[in-house]
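Below is one structure, written out as structure tokens; comments come after it.
The values are calculated or read from the model by the stated rules, or taken from the named source; none is laboratory data. Note that the structure is predicted; figures quoted are calculated from it, not measured. Virtual Cβ from ideal backbone geometry, glycine too; neighbours counted across all protein chains shown. With ligands, DNA and RNA removed, areas are computed over all heavy atoms of the protein, side chains included. Shrake-Rupley method; radii C 1.70, N 1.55, O 1.52, S 1.80 Å.
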Amino acid sequence: MSLNTGSEPPILQIDKLRIGQGTKAPIVEQMSLEVRRGETVGLVGESGCGKSLTALSVMGLLAGNLKVVGGTIRLGGEEIQGLSQRKLRRLRGEKMGMIFQEPLTALNPVMTIGAQIAEMVRAHRDVSRKAAHERALELLRLVKIPDPEERLGEYPHQMSGGMRQRVVIAMAIACNPALLIADEPTTALDVTVQAQILELLASLQREENLGLLMITHDLDVVRLVADRIVVMYAGSVVEEGAVEAVLDNPRHPYTLGLISARPTGSFAAGAPRLADIRGSVPAPEDRPAGCVFRDRCPYAQEVCATTRPMLETGQGGHAVRCHFPVDRQTDAPKELAQ
Amino acid sequence: MTQTSGPITGNGTKKAGPFAALSSPLGRYILRRLVQALLVMVLVMVGSFFLMKLAPGDFVDVLAGTRDLTAEQTAELRARYGLDQPLVIQLVRYMGLLATFDFGYSPINAAPVTDVILARLPVTAILVVASVSLSMVIGTLFGIAAARNAGKPVDLGISIFMLLLYATPSFIVAIMLILVFGLKLGLMPIAGYESVGMGYTGWQHIWDVTRHLTLPVVALCTFYIAIYGRIGRASMLEVMRLDFVRTARAKGISEGRVFYVHALRNALLPLITMAGLQVSSLVGGAVLIETVFGLPGMGRTAYDAVLQRDTNLLLGVIFTSSLAVVTVNFVIDMLYMVLDPRVNLK
Ligand SMILES: Nc1ncnc2c1ncn2[C@@H]1O[C@H](COP(=O)(O)OP(=O)(O)O)[C@@H](O)[C@H]1O
Ligand SMILES: [Mg+2]
């Protein structure tokens, strides 16, 4: 789906990102991922894995008590850490935009929709009030909000959650960014509205040739919209690759667990099933030594307790961080099959 | 304020004429608030009338205590002021007079209550308006500065200063101001509302009154500056944590705009509520400061009326104060509506 040749640097390139909280254990570490222009990457993992923090650190919007303490974040090849606040602000909006999980609280309740969009346009483009207003109108049309002229004068509380999420999307793409980060954009919405928002995001991504980082814990969403998938567990990547490759042939036991925990079961008939993964994501300070997943892993061996596995890239860029990756074609452990 | 688009009345045809305003939610809302305000006034007046009557003695007793009055004389006085009538009759008559803003006669001032109040209202009005606006502006600025620099030395410095203002009773502030600016430095007049016998007019008069009221206003402000400062700081910090602030930052607008445009307007709401409370408590509650500075204001008037059992005057003061408080609350509701479009008009 990518229109780019490999020569252009990825629009987003995170390498060995480490997010710390004072002297406490880092919350995110060894986090790497890439998003190319025209590509949708699904970032999945249970709640508390560090997906949102990864996204916020790209935007430079981490809460005051958190800090990027290691690794690199490149936007179109340019390292953004150490940039002045002023430069970073220009990048937010012009190079990257973000959509948040809670559309109901994401907009300023005392400003009209039109004012909030126009403000964004005027912050980045030297245009008149009228031109900004025109652009706002155009954007509302682009995100398919009915009666856009009237909506411009309305306040957020006069709109439904789905409509508000469309407004947030309109703001995020107002200045034609190359990268769009959507942090669980449909989690707070009704199922029917979810589908519409996903469709909108997918079509915008195609039309504007965006790099889209879609954060979700819903694997069906990933299958629907993403080209590649990055599976995150307890602060780092455990598996990544093309969507079909990873979902049809998961190699990390955690990915396998996520897939079989879906209410609709496995994607591919015959894929090994795993009983729901026991327990929950450990807090950063409670992560075990060695492999962070070993406490919950049915296949953990001695080496898993002592040595942290590396992210090993195999065929077709399918990478996995596991000493004993699952392979259903050859050696699916017997106890997997139910 | 612009209203929601779309048909406002159910049947689509807008009624014209003097009641057109009633067909809009805003018009109905305002009308409802006015009716409520009227009801509050009636309740307050009925309630205070009975309270007044509960207290033993009337002003005739007070008079009788200071000079020799015969039984006939007291009876005649009571008859003249209607004090010999049954309570209910007195109440009905009184409420009827109130409706025409006639509060009767103030025996201790030997003048109609309306005249007494009109003469004293300006002092209190100036005190209240000046100290509310001044303390709100200064306090809010301190609060904003503290929030903007949260956790830094500026914040700590402001916090300590606010604590100091908060902990110092206003009459102590008043006495210190008198000692320093009035007596030691001789910069400011320390008593009264205007210079007696100077016959100032026009700007000279205004300047004279301003000089006389500066110290009392400052004394009334200090405590409230601390209140606004603390509420303002807390409110700003709370708003800055809300989701929409993150969205605003994600748009790449300047941090100043995030703070002063997005957060501030949301953070003002609790401060406006506070202003309403402050007005209510100052209208009658400035008596201490009025006494210290020898100002003929409403607080002093009420105080004198209580001591001398001048029921008419006291009820007049209560009426005027309640009217002021009810009006201010009404204005604040309207302000809320302008500042917060979410306010439910139902
Ligand atoms: N401001 C913060 N201060 C301290 N810990 C935080 C903060 N924000 C998030 N965390 C912690 O970081 C971890 C990852 O959070 P997050 O990135 O929001 O997870 P996800 O988006 O994957 O659900 C969680 O354990 C969460 O409690
Ligand atoms: Mg999250």
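Side notes on the structure shown:
- Relative packing of peptides A:139-145, B:224-230 - highest average C-beta neighbours within 10 Å first: B:224-230, A:139-145
- Greater than 19 Å apart at Cα, pairs in A:87/B:251; A:24/A:67; A:24/A:87; A:87/B:152; A:16/A:51: A:24/A:87; A:87/B:152
- Gain on full stretching of the segment that runs from residue B:137 to residue B:85 - 0.36 nm per residue minus C-alpha separation: 13.6 nm
- Three-way shape call for the stretch A:57-104 based on the alpha-carbon gyration tensor, with the a/c threshold at 1.5: oblate
- Note that the protein assembly as shown carries a Kirkwood radius of 31.0 Å, evaluated over its alpha carbons pair by pair.
- Between residue B:40 and residue A:190, the distance separating the two model label sites (each 7 Å from Cα on the Cα→Cβ line) works out to 3.9 nm.
- Averaged over A:149-162, number of beta-carbon atoms from partner chains that fall within 10 Å: 2
- Potential lengthening between residue B:203 and residue B:118 on full extension [0.36 nm per residue; Cα-Cα distance subtracted]: 28.5 nm
- Net charge of the neighbourhood of residue A:83, taken over other residues with C-beta under 14 Å away and scored Lys/Arg +1, Asp/Glu -1, is +4.
- When each of the peptides B:266-277, B:197-208 is scored by how many other beta carbons lie within 10 Å of its residues on average, the order from highest to lowest is B:266-277, B:197-208.
- Percent accessible area from carbon and sulfur atoms, chain B, protein chains only, probe 1.4 Å: 69 percent
- Size descriptors for chain A, from the alpha-carbon set: Rg then Dmax equal 20.8, 68 Å.
- Between helix B:202-240 and chain B there is an angle of about 50 degrees, using the helix long axis and the longest principal axis of the Cα atoms.
- Look at the stretch B:237-244: the mean tally of other chain Cβ atoms within 10 Å of its residues' Cβ atoms is 3.
- Centre-to-centre, using Cα atoms only, the stretch A:61-130 and the stretch B:208-251 are separated by 29 Å.
- Pairwise label distance in nanometres, residue B:70 with residue B:33, each label 7 Å out on the Cα-Cβ vector: 5.9 nm
- Spin-label zone in the stretch B:263-300 - amide nitrogen under 19 Å from a point set 7 Å from the Cα of residue B:175 along the C-beta vector: B:286-295
- On a per residue basis, the protein assembly as shown carries 48 Å² of accessible surface, using protein heavy atoms and a 1.4 Å probe.
- Whole-Å distance, taken between Cα centres, linking the stretch A:142-206 and the stretch B:88-166: 48 Å
- For the stretch A:103-209, carbon and sulfur atoms together expose 49% of the accessible surface, with a 1.4 angstrom probe and every protein chain in place.
- Extension reserve of the residue A:285-residue A:7 stretch, reckoned as 0.36 nm per residue once the Cα distance is removed: 96.1 nm
- Cα long-axis angle, helix B:113-148 against chain B (0 to 90 degrees, to the nearest 10): 20 degrees
- Cα gyration tensor category, rounded, prolate or oblate, for chain B with a/c compared to 1.5: oblate
- Here the stretch A:77-94 is scanned for amide nitrogen atoms under 13 Å from the site 7 Å beyond the Cα of residue B:257 along Cα-to-Cβ, giving A:89-94.
- Label zone at residue B:272 (point 7 Å along Cα-to-Cβ), backbone N below 20 Å, the stretch B:127-158: B:129-144
- Other protein chain Cβ atoms within 10 Å, averaged over every residue that makes up A:114-124: 3
- Projected label distance in nm at residue B:281 and residue B:156, using a 7 Å step from Cα toward the beta-carbon: 3.0 nm
- Structure-based [θ]222 nm, chain B - -39500 (n - 2.57) summed over DSSP H runs of at least 4, per residue, nearest 500: -23000 deg cm²/dmol
- Relative contact order of the stretch B:121-339, defined on C-alpha pairs under 8 angstrom at six or more residues apart (%): 28 percent
- The stretch B:76-179 pair-distance distribution - Cα-Cα, 10 Å bins, rounded %: 11, 23, 20, 15, 17, 11, 3, 0
- Compactness ratio for the stretch B:174-326: Cα radius of gyration over 2.2 N^0.38 Å (N = residue count) comes to 1.44.
- Scaled against the 2.2 N^0.38 Å expected of a compact globular protein of N residues, the Cα radius of gyration of the stretch A:110-176 reads 0.98.
- If R0 is 56 Å, the Cβ-Cβ spacing of residue B:306 and residue A:157 corresponds to a FRET efficiency of close to 0.70.
- Estimated FRET transfer efficiency (residue A:307, residue A:242; beta-carbon r; R0 25 Å; 0.05): 0.35
- Counting only DSSP beta bridges with both residues in chain A, the antiparallel share comes to about 55 percent.
- For the stretch B:26-106, taking Cα atoms only, Rg and Dmax work out to 17.3, 61 Å respectively.
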